[in-house]
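What follows is one structure encoded as structure tokens, with my remarks underneath.
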Amino acid sequence: MPLINIILTPAEFEYYNISTNDNIIVVIDIFRATSTIVTALANGAKSVIPVSSIDEARRLKANGFLVAGEKNGIPLDGFDFGNSPLDFLNIEKIKNKDIAITTTNGTQAIQVAKNKGEILIGSFLNHDAVAEYILNQNKNVILLCAGWKNKFNLEDFVFAGSLTHYLYSTKKFELDSDSALLGYLTFDRSRRKLKEFLNMASHKKRLENLNLEADIDFCLSINKYSVVPKLINDKIILG
């Protein structure tokens, strides 16, 4: 029976000794990178290319790519977009475009997970689409939370707990760690008042201090899109 693990931050990834590619790894950065990537692809972007550094993104911009990104929540000078999903609702601007993105946490988590399994991009916006895809694969599942600069983030963990709850409740998966068990229990206790529960999250408060309340509300929208973004050959595309 396939196993479910939740990894709390990218810094912990190496301790799980993931030595096989026969895994599905869901990268999670609810506020905001994975929500932004899902939104861009759902609204017509051809691909999203996660890059590790601002300089690498600027090199791609010089080669004609659209670029998006932020540092510490602040949009970067000279970039076409920040890291807000609301920037990617203009379909005409992004349709059939390749968009490079660099962020403080989410794109770093993607880089950590590369070549360790099939990488999916998860958010509340595409929750059920990702869950149903996983159900059909019969593979071990690793839910990788991006966190904040390698520190634990509540919203990423609650989403990981939500996916765990969905999958485990089918009785087709087993929990493989205490973090997976705690994720399951946390979501089970918080799901009826999810937004109220996440009001306490530190990163939510950080974004509110940047006047990004609209981003927060959008990122907590459930099942807005039925898409499953995958990382294939260094580009995230729709599966």
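The values are calculated or read from the model by the stated rules, or taken from the named source; none is laboratory data. Remember, it's a predicted structure, so these values are computed and weren't measured experimentally. When we count neighbours, we look across all protein chains shown, and the Cβ atoms used for this are built from the backbone with ideal geometry, even at glycine. These accessible areas exclude ligands, DNA and RNA; they are computed on the full protein's heavy atoms, side chains included. Shrake-Rupley method; radii C 1.70, N 1.55, O 1.52, S 1.80 Å.
Just subtract the alpha-carbon distance of residue 149 and residue 1 from 0.36 nm times their residue separation and send over the number in nm, one decimal.
49.9 nm
Can you give me the distance in nm between label points at residue 17 and residue 55, each placed 7 Å from the Cα along the Cα-to-Cβ direction? With each label point 7 Å from Cα toward Cβ, the separation is 3.6 nm.
Rounded to the nearest 20, the Cβ-based charge dipole of the chain about its Cα centre (Lys and Arg +1, Asp and Glu -1) stands at 220 debye.
Would you list the membrane-span-like helices of the chain, meaning whole DSSP H runs whose alpha-carbon atoms span at least 15 Å along their axis and whose mean Kyte-Doolittle value is at least -1.0? Can you show the working numbers first?
On the way: long enough: 154-168 (20 Å, 0.55); 178-190 (18 Å, 0.04).
Answer set is 154-168, 178-190.
The alpha-carbon positions of the stretch 1-144 define a convex hull whose volume is 111 Å³ per residue.
What FRET efficiency, computed as 1/(1 + (r/R0)^6) with R0 = 25 Å and r the Cβ-Cβ distance, is obtained for residue 185 and residue 217, rounded to the nearest 0.05? Efficiency for this residue pair is about 0.45. Taking label points 7 Å from Cα along the Cα-to-Cβ direction, residue 174 and residue 202 give a separation of 3.5 nm.
Rounded to the nearest 20 Debye, what is the dipole magnitude of the stretch 146-195 about its Cα centre when Lys and Arg each give +1 and Asp and Glu each give -1 at the C-beta? Could you put the intermediate results ahead of the total?
On the way: 9 positive and 6 negative charges, 66 e Å.
It works out to roughly 320 debye.
For the stretch 115-217, applying the loop criterion from DSSP together with a ceiling of 13 other beta carbons within 10 Å to the trypsin sites (Lys or Arg not before Pro) yields 149, 171, 172.
Averaged over its residues, the chain has an accessible area of 45 Å² per residue, based on protein heavy atoms and a 1.4 Å probe.
Rounded to a whole number, what % of the accessible area of the stretch 101-239 do carbon and sulfur atoms account for, probe 1.4 Å? Let's see the in-between values first.
Numbers: 2940 of 6340 Å².
It is 46 percent, rounded to a whole number.
Take every Cα pair under 8 Å whose residues are at least 6 apart in sequence, average their separation, divide by the length of the stretch 99-212, and the relative contact order is 22 percent. A simple spin-label model places the labels of residue 62 and residue 137 3.6 nm from each other, with each point 7 Å out along Cα-to-Cβ.
For the stretch 1-87, the relative contact order works out to 22 percent when only alpha carbon pairs closer than 8 Å and six or more residues apart are counted. Using C-alpha pairs below 8 Å separated by at least 6 residues, the relative contact order for the chain is 34 percent.
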